[in-house]
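All remarks here apply to the structure that follows.
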Amino acid sequence: MRRLSAIMFTDMVGYSKLAQENEALSLDLLDEHRKILRPIFEQYNGREIDTAGDSFFIEFQSAVEAANCAIFIQKTLFDRNKSIAAGREINLRIGLHIGDVVFMGQNVHGDGVNIAARLEPIAKPGGICISEDVARQIRNKIGYPVMKLGKSRLKNISMPMQIYCIVLPWLKQTKPTKRSFPVKKAIVAVLTFLLITTATFLFFRSEKIRDIENSFSHHRLAVLPLVNISHNTEDDYFADGLTEELISTLSQIGGLKVIARTSVMQYKDVDKNISEIGKELTVGTILEGSVRKYQNQARITVQLIDVETQEHIWSKDFDRELEDIFTVQSEIAQNIANELKVRLIDSEKEQIDKIHTNNPQAFQEYLIGKHLLNSRNSSGIQSSLEHFKNAIDHDPEFSLPYSSLAYAYTLIAAAGYGNIPKEDASQKAKVYVQRALEIDSTLAEAHAALGYIRFRIDWNWKGAEKEFKRAIELKPNYSTAHEWYALFLGVHARLDEALVEMNKAYELDPMSPSVSTGMARTYYWRGEYEKAIVQCEKTLQMEPTYAEAYLALGITYNATNQYEKSIFNLKKAVELSNRRPIILGVLGNIYGKSGNIEEANKLLAELESSPVNNDKIYASAFVKIGLGQVDEALYTLTDLLDQKYGIFIYMKVENNILPLKGHPQFDAILKKMDLE
């Protein structure tokens, strides 16, 4: 198969030397560099064809997308390096070319590939070197100038080529002169050396480059719900809980991309083959199996399967006491890492070897609590509290139920689940999360829960960001931490960073309605309304009754002045959410804005009727703004400010529903929230 593609090659500057001098540091930086780059490739529709050591080989459909991706990578790394300790900098060279790419079986050929590989070593550290074909296509389309460097004869390329670079303002540029690129012998010598150490390694190593049309990375893994084959169907909670714990353990391995629980649980009791599931989740490897629980013992059978060939890579039966379950999880994770040739760093080994409890009763109560918590409804979350507390009674040093209690109480306080007063729920959340961290300071879930408390309840922005980053550092594949951090960045109008983080969450949890809608919301805040609409529609294909997606769709149509479509979707959201006040407020706002004063006033009367609560008061302000009653609305909002009402966090970026920027009272609210 032959097609025209834009090709990118990246390479870490000085990696080989660093690996010889400090192997541990080099592996740490290599892992961090991959975590930074992969979401950016996906953001710009890049396809990862291969990676070898510290290099990436990426295909794009357009030169403009490839160039913008390269620029964003270099700016991201430049900003990172400014605040990093000396010796931990990550610098890349990037080469770009557009040309024919030929797919022959599992090999990739063509001058388009070879030229891009030869251009990369010419780039300055932190720079981007491009061919004339790329320069012609991106000029005046990327926001940065393109500078000609001169002609060069590249190895195995018959004709001399004009070489260009993208001028990045944060780099010190060398102006071209008559002597800036003509020293052919020096160029040939330098290129020969660099080609031996980079391009040759990429293209002539023994491992073949896979066909990107037919396969996905084997390091992208899904753990399907373990099948309960016990005689007692009530043991489903045990199989589901063990599935989640396996996902959690594997998520601590930075070299893997592990699909989150929300996405994989949709395949429970579904009649689909491995190939279908692999394509839907875009994974190259699947772990499936079964569990039989009897008294205080369990038999766990697992098989690791190559999606493309359907062949078993590895399989094993484990017959263990329940108190040894965490050891089984560690063994499975170690075997998967070995079979997929993922090198574990010391901190990852330490995390996956951790034994959280040896008490089988505590573990079972914890799994029942998790099963109820995952229901995401008021009764389930309320019921989960008792089981987590029972787990703690059986083992007071078991950190996971404390963390789950903190999360449950945070949902009650910030999202209104259950009937516990916000102040009481907030206080309990803080107590439990601190206890979890006292027992285990490396528990990612606890750091994420603490970050969410500081974000949604305390408005402690610096503290929240610190905890989100720590959670992600401890568990790189923790999709919830990426989702919450993306929301945090979004409401602070750090929208480029928000999109990168939400992309990471989406990559890890592609079937989650919450994450998919979060992606749409991020596009909306960035003013990319068409992308937001498409993403909302994707969410509704997955979950047709998801009220939040209809809300996001309605708000987006409002931003494009398509009021009929906006109102249609918001009315659907109102119906599905059981007339949630904030959705009524948004609908009333748009009724007023579009001239339907009668309907707006009806909703305002409903929101001002007894019993009155903060949700209804806040929503009524939205309707008043739509009706032009701005001063009265701001007076209402100011009254709620001291209570740190949760939805206030969106005020800075909700410019279409709240077009109040520049109004002294509105700006004063943002200043008091430290969001100005």
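Below, the figures for the structure above:
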| quantity | calculated |
| --- | --- |
| Residue satisfying condition, being over 24 Å from Ala481 (Cα atoms), assigned to a helix (DSSP H, G or I) and not β-branched (Val, Ile, Thr), within set Lys531, Lys504, Lys565 | Lys565 |
| Inter-residue pairs, beta-carbon under 6 Å, first crowded, with 18+ Cβ neighbours inside 10 Å and in segment 144-155, second assigned to a strand (DSSP E or B) and hydroxyl-bearing (Ser, Thr, Tyr), 6+ apart | Val146/Tyr164 |
| Those residues of segment 566-594 which are surrounded by fewer than 16 Cβ atoms within 10 Å (Cβ to Cβ) and under 26 Å from Glu528 (Cα atoms), in sequence order | Phe568, Lys571 |
| Count of residues meeting criterion [of a type outside the set (Ser, Thr, Tyr) and outside any helix (DSSP H, G or I)] in segment 568-591 | 3 |
| Test for Ile412: is it touching a helix residue (DSSP H, G or I) at 6+ places or on another chain (Cβ under 7 Å), of a type in the set (A, V, I, L, M, F, W, C) and open to solvent by 30 Å² or more (accessible area, probe 1.4 Å) | no |
| Segment 245-297, subset among the polar types (S, T, N, Q), within 24 Å of the chain's Cα centre (by Cα) and over 19 Å from Pro513 (Cβ atoms), residue surrounded by the fewest Cβ atoms within 10 Å (Cβ to Cβ) | Ser248 |
| Those strands (runs of 3 or more DSSP E) lying entirely in segment 281-334 with at least 2 residues of a type in the set (Asp, Glu) | 312-321 |
| Set Asp54, Asp28: member being buried (at least 21 other Cβ atoms within 10 Å of the Cβ), of a type in the set (D, E, K, R) and under 23 Å from Lys75 (Cβ atoms) | Asp54 |
| Subset of segment 1-21 that is more than 21 Å from Ile36 (Cβ to Cβ) and touching a residue at least 24 places away in the same chain (Cβ under 8 Å) - its residue that is nearest to the chain's Cα centre (by Cα) | Ser5 |
| Test: residue in segment 536-546 that is in contact (Cβ under 8 Å) with a residue 24 or more places away in the chain, farther than 18 Å from Ile657 by Cα and open to solvent by less than 30 Å² (accessible area, probe 1.4 Å) | yes |
| Residue within segment 641-650 that is open to solvent by less than 30 Å² (accessible area, probe 1.4 Å), part of a loop (DSSP other than H, G, I, E, B) and modelled with pLDDT under 90 present | yes |
| Flag if Ile73 is farther than 25 Å from Ile472 by Cα, under 24 Å from the mean Cα position of the chain (by Cα) and of a type in the set (Val, Ile, Thr) | no |
| Subset of segment 464-478 that is open to solvent by 10 Å² or more (accessible area, probe 1.4 Å) and not in a loop (DSSP other than H, G, I, E, B) - its residue that is nearest to Gln252 (Cα to Cα) | Leu474 |
| Residues being open to solvent by 70 Å² or more (accessible area, probe 1.4 Å) and either under 15 Å from Ser403 (Cα atoms) or at pLDDT 85 or above (or both) - total across segment 333-349 | 2 |
| Test for Ile313: is it farther than 15 Å from Leu242 by Cα, of a type in the set (A, V, I, L, M, F, W, C) and either touching an Asp or Glu at 6+ places or on another chain (Cβ under 7 Å) or open to solvent by 50 Å² or more (accessible area, probe 1.4 Å) (or both) | yes |
| Selection count, segment 488-547, where residues are within 12 Å of the chain's Cα centre (by Cα) and of a type outside the set (S, T, N, Q) | 16 |
| Scope segment 604-628; condition open to solvent by 10 Å² or more (accessible area, probe 1.4 Å), of a type outside the set (A, V, I, L, M, F, W, C) and part of a helix (DSSP H, G or I); matching residues | Glu606, Asn614, Asp615, Lys616, Lys624, Gly626 |
| Residue under evaluation Asp133, criteria (1) in contact with a His (Cβ under 7 Å, 6 or more places away or on another chain); (2) modelled with pLDDT under 85, criterion not met | (2) |
| Candidate set: segment 350-384, residues that are of a type in the set (A, V, I, L, M) and within 18 Å of Thr327 (Cβ to Cβ); chosen: the one most open to solvent (accessible area, probe 1.4 Å) | Ile355 |
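The values are calculated or read from the model by the stated rules, or taken from the named source; none is laboratory data. All values derive from a computational prediction rather than experimental measurement. Note: ideal-geometry Cβ built from the backbone for every residue, glycine included; neighbour counts use all protein chains shown. Accessible surface is based on the protein model in full, side chains and every heavy atom, while ligands, DNA and RNA are left aside. Shrake-Rupley method; radii C 1.70, N 1.55, O 1.52, S 1.80 Å.
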